[in-house]
Amino acid sequence: MSEPERRRITIDPVTRLEGHGRIEICLDERGEVDRAYFQVPELRGFEKFCEGRLAEDMPQITSRICGVCPTAHHMASVKALDSLYQVDPPPAAKKIRELVYSTFMAEDHILHFYFLGGPDFIVGPSAPAAERNVLGVIAKVGVEVGRKVITTRRKLRELSALAGGKAIHPVLGLPGGVAKALKREDQARFCEVAKETVDFALFTLDTFEKVVLKNTDYVNLILSDTFTHRTYYMGMVDKSNQINFYDGPIRVVSPSGEEFIKFRSESYLDYLTEHVEPWTYMKFCFLKPVGWKGFTEGPESGVYCVAPLARLNASERMATPLAQEAREQFYATLGSKPVHHTLANHWARIVELLYAAERMQELSADPQIIDPHVRTLPIATPREGIGVVEAPRGTLIHHYQTDEKGIIRKANLIVATQNNAARIALGVEKTAKAFIRAGNISDGILNMVEMTFRAYDPCLGCATHSMPGNMPLNIRVRDRQGRILAILQRDSEGRIHKR
Amino acid sequence: MPDPFEPRIVAFFCNWCTYLAADLAGTSRLKYAPNVRVVRLMCSGRVDPQFVLNAFARGADGVLIGGCHPGDCHYQEGNYKALRRFHLLKRLLREMGIEEERIRLEWISASEGDKVRSVINDMVEKVRALGPFTARVTEDRVLEEVTA
Amino acid sequence: MSDKPKVAFYWCASCGGCEETVVDLEEKLLDVVAAVDIVYWPVALDFKRHELETMPDGSIVATFLNGAIRTTEQEEMAQLLRKKSQLLFAFGSCSHLGGIPGLANLWDRERILPTVYRESPSTPNPEGTVPRRVSKVNGDALSLPGLFDTVRTLDQVVDVDYYVPGCPPTPKILLAALDALLNGKLPEKGTVLAPDQALCEECPRKESRPEQLSLAEVKRPHQVLIDETTCLLAQGVLCLGPATRAGCEALCVKGNMPCTGCFGPTSRVKDFGGKALSAMASVAGGKDEAEIARAFENIPDSVGTFYRYSLPSSLLRRKRLEAGR
């Protein structure tokens, strides 16, 4: 196979990620990357088959959109039901919901950091492929810590099931409240585990500092221009512009950091719009007031970003003390707000983990949370409702219209990753362009392209990759007509073979 | 020239009332449409919704259930159970795209041979007007282009 | 290469919850990993069609496949994995019964795509763009898998050996299945690997289940306060426990919400929805049309109630629609 014939590189699938995805990289005559496309090859059609369903079934039906963050959909959905029935849950119910939600956020962020996207960083992008997984992480941080990760996660999952019935696809949400009250002994358990989680979050921050921040190569990678995009940032905040995962207005800041808009959930249609491309089933969100200018960045482009880095950028403070300290260190190190470096998401995620754990502590210690009154029965006639939460991967919007019996007529869902879709596409193309020169591919290069992706998404990988622990990868090289010219394979030992 | 559509109706008749009535219609030489295949059960309460669903899945164009009048059931409560199931089943079938006229529940006592005749004739005509019921999606299309 | 049995995990149209169940094995997962060689797992390993194709047929001892069959790519992968595996496990409600994505069988592709891409209030889409199987962008030809009109269960596409039920299956159920596999204790082919009895048998509220029940009215859960110790059906809340297979240890009921039927039917039932409907008709209703209508007024969504996880596996499989729009 001769050099000039190389036209396309396919990375299929992108791994350590929830959902299916692949990347098509198109080269020009010189072997430089001309375009890269991130394709999502699947659609299930939730927005359609929710029609005709009972509104109160939606929290459990929509949680099946994602088995990694079912609680996020469940909460956005139940909040949409509160809005639909114009019913206000009793204080204990809201606290239980937020407690369950904080527990879930903590668990999901731990999963991502140690098992999924984190290994890229803890072990290092240029480390041998065989080490870029949780085993490599454990080797770096020690077996004891590995055990602690699994145990902490297990305890958090048990708590989720305690209050929500199930950890995966919880059942607690009802319009106007939650299905059951929290017992005193359950509250004690939450307090106990919350404290352990705060300690674990501090340990994780410490690990990140030792392993990543003290390493100038890593820091340079984080700060490099390749992994930097200047876009708008969006996240949910409370009245004092502090990050809140469960409730509050949504704030957008511009690439230079000024507040661009702050809106209530009900007005999302005035500010967020979805764009369709024929080559992927996923839609791309953009800011309506700015407009769709294509896959570009900067203040003139409507492309924006959500999830940990964006939430830190879109807010002014953390609502809990230790997390606030961590946040201050974050900006002191990386530069003032907003930080545009995509890989900083990994650090921002740990800051959020600490906040989630502290919030668990606050809520579980609240005497009102064991109050038996956890339901307000709805009486208004339902018609339309909107509910928004911050999922681990970003802002999540559920919007329902029903008839007077509460049967769904229409459902609109903007699912967290969609907010990032355009910026991910930008990132994938930029990284591909930066690293793939003259048609040359190597293992490290491929991982760079994947790292861009992983920084945004908590992934559905798992503790086990292939044992002994690597991600084999295959690349198909095609010519312009789509004929396969070569197949390169990276095996489980990290060697590249041509087939 | 294709044959005109002849509906195929599956009927579940209870042993103590409707089935005897059908017999009576026969011995009285009452003429009624030949489109019905009768399945005899001991009671209309024995009609499992799965029987009805299976009938449609295997090509029936309509399903008729016949039982004793309320209060007359040989087993006391069987026909009430049938009535409740029928209520929910009709709703389910409607949501599955099956028109209401394709499923029918009638109370027919042993002496009502004439009612058997009129119910069957009426149902056959109604189903004939609806056309055949296609149970299976025989081919699943995967279009090259998605059209507007 | 090790002597350990090769095992694979794959996902089709699913949410990933079944994959999370594997992670939820927590410490026990390490034991499992020590006992098997996980050779194929797209979320964690690269999957490559031709790589799988070069594996000898039957070289994978067991594949656990979750998710329903919704696209052409998923159908092809199911067939390929069937060839390469000695045993194929349908893992989770979607591959077992069709799952929640199966609700799309109330529509077809022609009705779904416009709703998502043209009629969403946040998707103005002035050009009316819809994803295509093949599209040309900037001179590049890009392709996507095609969507079928009808969602199918795994056994409607390939031969399935065992079923691990649930949405998702509990870690306990999964562990039992893995244990049976690794110790050669699998029952007869086609078995659903969960107890063959109704959920009521393992429900913590069993004591308060009435012998006879004739509800005058079924209530929707948000309309009533639900007591945490009494049988849900006795309280008038529609619980599908009597019609649903046991094995989950009644997690939803412990969460004070009714069972929605995700484990599917017991072995004696083919159409879950039909039987569930029958069970509910046995506990509620009256003696005349008016009483019955009132009793069941609060079940306006029959498919969502009785076929929530099982529409593709039902006798009718999908809603009859007129061709075209």
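Readers should treat all values here as calculations from the given coordinates under stated rules, not as data from a laboratory. Quick caveat, the model's predicted, so the values are computed rather than measured. Note that each Cβ is placed from the backbone with ideal geometry, even for glycine, and that neighbours are counted across all protein chains shown.
Tabulated data
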quantity	calculated
Contact order relative to length of chain A, as percent, for alpha carbon pairs under 8 angstrom and 6 or more apart	27
Other-chain or far-sequence residues with amide H under 5 Å of B:Ile65's (modelled H)	B:Phe12, B:Arg104, B:Leu105, B:Glu106
Likely footprinting exposure, A:Arg53, B:Arg104, A:Arg44, fewest C-beta neighbours within 10 Å first	B:Arg104, A:Arg53, A:Arg44
For residues of B:30-42, the mean tally of beta carbons on other chains within 10 Å	0
Rounded if a/c under 1.5, otherwise prolate or oblate - chain B, Cα gyration tensor axes	oblate
Whether chain C is rounded, prolate or oblate, judged on the alpha carbon gyration tensor where a/c under 1.5 counts as rounded	oblate
Three-way shape call for chain A based on the alpha-carbon gyration tensor, with the a/c threshold at 1.5	prolate
For segment A:162-275, convex hull volume per residue from C-alpha positions, Å³	212
Evaluated at q = 0.05, 0.06 Å⁻¹: base-10 log I(q)/I(0), Debye formula over Cα of the protein assembly as shown	-0.30, -0.43
Ranking of C:Val137, A:Val290, C:Val157 by count of other Cβ atoms within 10 Å, fewest first	C:Val137, C:Val157, A:Val290
Lysines with Cα under 27 Å of A:Lys410, excluding same-chain neighbours fewer than 8 positions away	A:Lys48, A:Lys79, A:Lys94, A:Lys262, A:Lys283, A:Lys288, B:Lys90, C:Lys219, C:Lys319
Residue order, fewest to most surrounding Cβ atoms within 10 angstrom, among C:Ser282, C:Ser14	C:Ser282, C:Ser14
Amide hydrogen neighbours beyond the local backbone of A:Gly177, cut-off 5 Å, H modeled	A:Thr376
Shielding by other protein chains, C:293-299, mean Cβ within 10 Å	2
Any cysteine of chain C lacking a neighbouring Cys Cβ under 4.7 Å - listed by number	C:Cys12, C:Cys15, C:Cys18, C:Cys94, C:Cys200, C:Cys203, C:Cys231, C:Cys239, C:Cys248, C:Cys252, C:Cys259
Proximal aspartates and glutamates relative to A:Lys148, as straight alpha-carbon distance under 18 Å, when same-chain residues fewer than 8 apart are discounted	A:Glu107, A:Asp108, A:Glu158, A:Glu192, A:Glu196, A:Asp199, A:Asp206, C:Asp24, C:Glu26, C:Glu27, C:Asp31
Principal-axis tilt of helix A:321-334 within chain A, Cα atoms, nearest 10 degrees	20
Histogram of C-alpha separations across segment C:199-306, 5 Å bin width, %	2, 13, 24, 25, 22, 11, 3, 0
Reachable aspartates and glutamates, given that their alpha-carbon falls under 16 Å from the alpha-carbon of B:Lys115 and they are not under 8 places away in the same chain	B:Asp23, B:Glu106, B:Glu125
Two-site FRET efficiency, B:Arg94 against A:Ser267, from Cβ-Cβ distance with R₀ of 41 Å, rounded to 0.05	0.60
Rounded tilt (10° steps) of A:143-164 against the dominant C-alpha axis of chain A	40
